[in-house]
Amino acid sequence: MAAKRYCVADPEAALIDRLILEQVTQNSRVLDLGCGDGRLLCRLRDERNCSIQGIELDHSRVVEAIHKGVPVLQADLDEGLGEVPDASFDFAVLSQTLQQVLKPQDLLLQMLRVARKILVVVPNFGHWRVRLQILLQGRAPMTTALPYDWYNTPNLHFLSMLDFRDLVEETKLRIVREIPVIRGNPSPNAWAANLRADSALFVLEQA
Amino acid sequence: MASEFQSANGQPSDEGVGQVRTQFVDLFVSEPLVLESGEKFGPITVAYETYGELTPANDNAIFVCHALTGDAHVAGKHSADDKKFGWWDGLIGPGRALDTRKYFVICANVLGGCQGTTGPSDVNPATGRPYGMLFPFITVGDMVAVHLELARSFGIETLLAVIGGSLGGMQVLKWAARYPETLRSAICLAAAANLSAQGIAFNAVGRRAIYADPQFHNGDYYGTGGARKHGEEGPRYGLALARMLAHITYLSELSIERKFGRRLQHGDHLAYELQRETEFQIESYLHYQGKRFIERFDANSYLYLTRAMDYFDLAVHYGSLEAALGKTEARFLITSYNTDWLFPSTQSQEIVTSLLRARRHVTYLELESVFGHDSFLIEIEQLEQLVVPFLAETYRHALRTAAS
C-alpha cells in the first residue's frame, strides 16, 4: 500500500545539518531538542566552537550521545523544557520534530523562553504532490523517512509552510529567515515555495 | 546503605578485583584539618581501599564516595572464604564500569564514620577514652577535605572522576563546589543539593530513637574495654529502630510489595497475638536489618553523619547553586530514580537547572527502577551503560587537553 503512495521527501540529514550549521554563529551556546545521537551538536562543537547541550527522549540515543561526549538530558519534549533556565541559550534547534509534539505552539514558546533565536525545520505538506494525492487517491500524506500509516505515525500534525507562518504570527514571533528545501536543494527566495518545497528551515526570534 | 539486594541483580562474579584489604593512613599529622565549623582537628586516621594501578601521569584516579552507612570496602572480598563482596562490587573490577584495568579506584570511609576512619567511637588522645559527644561537629565539606587529602597523599592532584550516590552524591557535589579544579568529572546519583525537609524529618526520628534509649548515656556508652566491637554496648535498640525506619525510606512501595506483600513469616494464619512483632515478612525483614546494623555501626557515628547530611545545603553555603557549581570545568553525570521518594527527581533536576544556568557540561537521566532510593546500588547494568562511555570520553578529553 505504502509503495504506491507519494511520500513527502525528508531532506537528507547531512543537508539539514549543514543548513543549521550555517545559521549558527561561532562560539554560541546551542540547545538541540531531539538531538538524537548528538551528530549535529558534535559538528557545532568542533566546527563552530559552540557550547552545546542536547535533549533526547530515546534511551539508546542518549547513550550514543554520551559516547560522543555530548552533554544530554533525557527528557520528553511534550512535558516542556522545565529544567532549562530562561534565556540560557543563544540558539534552540528543533529539526523535523515540531509536527510530532502534542502542542507545537507551547514548545515554540518554551524555546523562545530559553533561547534568543529558534531554528526550526518542518516538513511541508503543502507540496503539490501531496495535494494531488489527496485529490486523486483520497489518501493522507506520509514522508519517506517515516513511511508510517496514519494510525501509527509519530507525525501528529500535518502542516504547510503557510500554516507554519500562521503559527509564527499567532505566537508573536518573527521570521528572520526562511529557507525552503526543494528536491534536496536549499532554495531561499524560491517562487511558490509552499507548492514546491519538501521542507523548510525557519529562523525565528521574538517579534 | 542496604546492599542486601545486590545479589538479586547480576550476581557479582569471582572475576572482580579479587581479594583486597582495607588500609590505613594517618593524615593531618603535622597540620590539623580546619573543619568547616572553624575548629581544628587532627591527626585523622583514614581507612581506605584501592583497586587498579595509578598511571605515571596520575591521571586515571576515580574516587568513590560512600553513602551514610557504607565503608571503604567497595569491591572484592577480604578473605578467600568471605561470603560478602564489597558494597558496589558489581560496578568495580576488570571490565566493569569502573574498569580497574584502566582506572585507579579509591574508596575511603568518611570522617566521623565507624569503619576505620577517625570517628566518635575512636579514642580521644586528650582523655584516653572514646570521643563520644566530644567528637567535633563535622560536615559533608569536612568529609571531602579528608578524601582529597588522601588522594593527594598518592600524588594525585586531579581526579578523573568522583562518584557517589545519596550522601556520597552530596560529597561529589561538595567536592565540585569546594575544590573545583581537582576533578574532571562528577557522577552524582540519587542525590540532592540539600536534604529535603522530609529527609531531615526521618533523620530526626532516627536520632530521637537513639537519644531516647536508656543505654545512650549521652553518647558515653563505650564501657572501659580496649578494642571493642560495635553493638556490644550502647543504645542498641535505639540504633536498630533508627535503621528500621531509615531502611523503609530506601525502598519503594512497589519493591516492598513485590518482595514481601502481605505474606506472613510463620505459617498461613494470623496468630492474633499482639506482641508477635514478626508476624508479617516485612516486619521480620526490618527487624533483621536493625539487628544486623547494630553489629557493624556505631550510634554516635549515626548521629554525627545524619546531622552532617541535614546541614548540607550547597545553595545556602555558596549563595546559589549556580555559584556553587559554576566554578568547575568538570563534566557532570546526574541520575535520579523514578521510585526514589527520599531524594526525588525534582531535586536532581534542580541541580541540572543550575548547571545549565552556569553553562556547565551536564548529562542527566531519570532512570527507571522499582528499587527506590537504593536503586543506585542495585541497578548496576543500567548505570554501567552510562558510566562506561562517560568516563571513557572524559578520559579521552583529558588526554587531548593535556596533549595540546
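The values are calculated or read from the model by the stated rules, or taken from the named source; none is laboratory data. These numbers were taken from a predicted model, which means no experiment stands behind them. Note that we place each Cβ from the backbone using ideal geometry, even for glycine, and neighbour counts take in every protein chain shown.
Does B:THR363 qualify as being part of a helix (DSSP H, G or I) and over 20 Å from the mean Cα position of the chain (by Cα)?
Considered against the rule, which asks whether it is part of a helix (DSSP H, G or I) and over 20 Å from the mean Cα position of the chain (by Cα), B:THR363 comes out as no.
Return a yes/no flag: does segment A:120-132 have any residue that is over 22 Å from A:ARG165 (Cβ atoms), touching a Ser or Thr at 6+ places or on another chain (Cβ under 8 Å) and assigned to a strand (DSSP E or B). Walk me through it before giving the result.
Residues of segment A:120-132 over 22 Å from A:ARG165 (Cβ atoms): A:132.
From what's left, touching a Ser or Thr at 6+ places or on another chain (Cβ under 8 Å): none.
No, there is no match, as no residue in segment A:120-132 is over 22 Å from A:ARG165 (Cβ atoms), touching a Ser or Thr at 6+ places or on another chain (Cβ under 8 Å) and assigned to a strand (DSSP E or B).
Please indicate, with yes or no, whether at least one residue in segment B:215-229 is surrounded by fewer than 19 Cβ atoms within 10 Å (Cβ to Cβ) and assigned to a helix (DSSP H, G or I). Working first, answer last.
Within segment B:215-229, the first condition is being surrounded by fewer than 19 Cβ atoms within 10 Å (Cβ to Cβ), and the residues that meet it are B:215, B:217-218, B:220, B:223-229.
Next, only the ones that are assigned to a helix (DSSP H, G or I) stay: B:217-218.
The answer is yes; a qualifying residue exists.
In segment B:63-78, is there at least one residue being in contact (Cβ under 8 Å) with a residue 24 or more places away in the chain, crowded, with 19+ Cβ neighbours inside 10 Å, out of contact with any Gly (no Cβ under 8 Å at 6 or more places or on another chain) and assigned to a strand (DSSP E or B)?
We begin by selecting, within segment B:63-78, every residue in contact (Cβ under 8 Å) with a residue 24 or more places away in the chain; these are B:63-78.
Imposing the further condition that a residue be crowded, with 19+ Cβ neighbours inside 10 Å reduces the set to B:63-77.
With out of contact with any Gly (no Cβ under 8 Å at 6 or more places or on another chain) added as a condition, the list becomes B:63, B:68-69.
The next check asks that each one be assigned to a strand (DSSP E or B); those that pass are B:63.
Yes: one or more hits.
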Worksheet, complete the sentence: Note on segment B:322-337: residues within 12 Å of chain A (Cβ to nearest Cβ) and within 15 Å of B:GLY165 (Cβ to Cβ) are B:PHE332, B:LEU333, B:ILE334, B:THR335, B:SER336
Worksheet, complete the sentence: Within segment B:64-104, the residues that are touching a strand residue (DSSP E or B) at 6+ places or on another chain (Cβ under 7 Å) and at positive phi are B:GLY76
Worksheet item: Could you say whether any residue in segment B:271-288 is surrounded by fewer than 16 Cβ atoms within 10 Å (Cβ to Cβ), over 26 Å from B:TRP341 (Cα atoms), touching a strand residue (DSSP E or B) at 6+ places or on another chain (Cβ under 9 Å) and of a type in the set (S, T, N, Q)?
Response: no
Fill in: Complete set of residues in segment A:74-106 that are surrounded by 20 or more Cβ atoms within 10 Å (Cβ to Cβ), closer than 30 Å to A:ASN124 by Cβ, within 14 Å of chain B (Cβ to nearest Cβ) and modelled with pLDDT of 95 or more
A:ALA75, A:VAL84, A:PHE89, A:PHE91, A:ALA92
Worksheet entry | Test: residue in segment A:5-24 that is in a strand (DSSP E or B) and within 11 Å of chain B (Cβ to nearest Cβ) | no
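Among what's in segment B:367-384 and is assigned to a helix (DSSP H, G or I) and surrounded by fewer than 19 Cβ atoms within 10 Å (Cβ to Cβ), pick the residue that is nearest to the other protein chains (Cβ to nearest Cβ). Spell out how you get there, then give the answer.
Of all residues in segment B:367-384, those assigned to a helix (DSSP H, G or I) come to B:372-378, B:380-384.
Those left that are additionally surrounded by fewer than 19 Cβ atoms within 10 Å (Cβ to Cβ): B:381, B:384.
Numbers: B:GLU381: 12, B:GLU384: 11 Å.
Restricting to residues being assigned to a helix (DSSP H, G or I) and surrounded by fewer than 19 Cβ atoms within 10 Å (Cβ to Cβ), the top hit is B:GLU384.
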Fill in: Whichever residue in segment B:353-366 is surrounded by fewer than 23 Cβ atoms within 10 Å (Cβ to Cβ) and either of a type in the set (S, T, N, Q) or closer than 22 Å to B:PHE312 by Cα (or both) and, among such residues, is farthest from the other protein chains (Cβ to nearest Cβ)
B:ALA358
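Of the residues that sit in segment A:43-54 and are touching a Leu at 6+ places or on another chain (Cβ under 7 Å) and more than 10 Å from chain B (Cβ to nearest Cβ), which one is surrounded by the fewest Cβ atoms within 10 Å (Cβ to Cβ)? Before you say what the answer is, go through the steps one by one.
Quick first cut of segment A:43-54, residues touching a Leu at 6+ places or on another chain (Cβ under 7 Å) only: A:43-44, A:47-48, A:50, A:52-54.
Restricting the remaining residues to those that are more than 10 Å from chain B (Cβ to nearest Cβ) gives A:43-44, A:47-48, A:50.
Details: A:ARG43: 18, A:LEU44: 26, A:GLU47: 11, A:ARG48: 17, A:CYS50: 21.
Taking the candidates together, the pick is A:GLU47.
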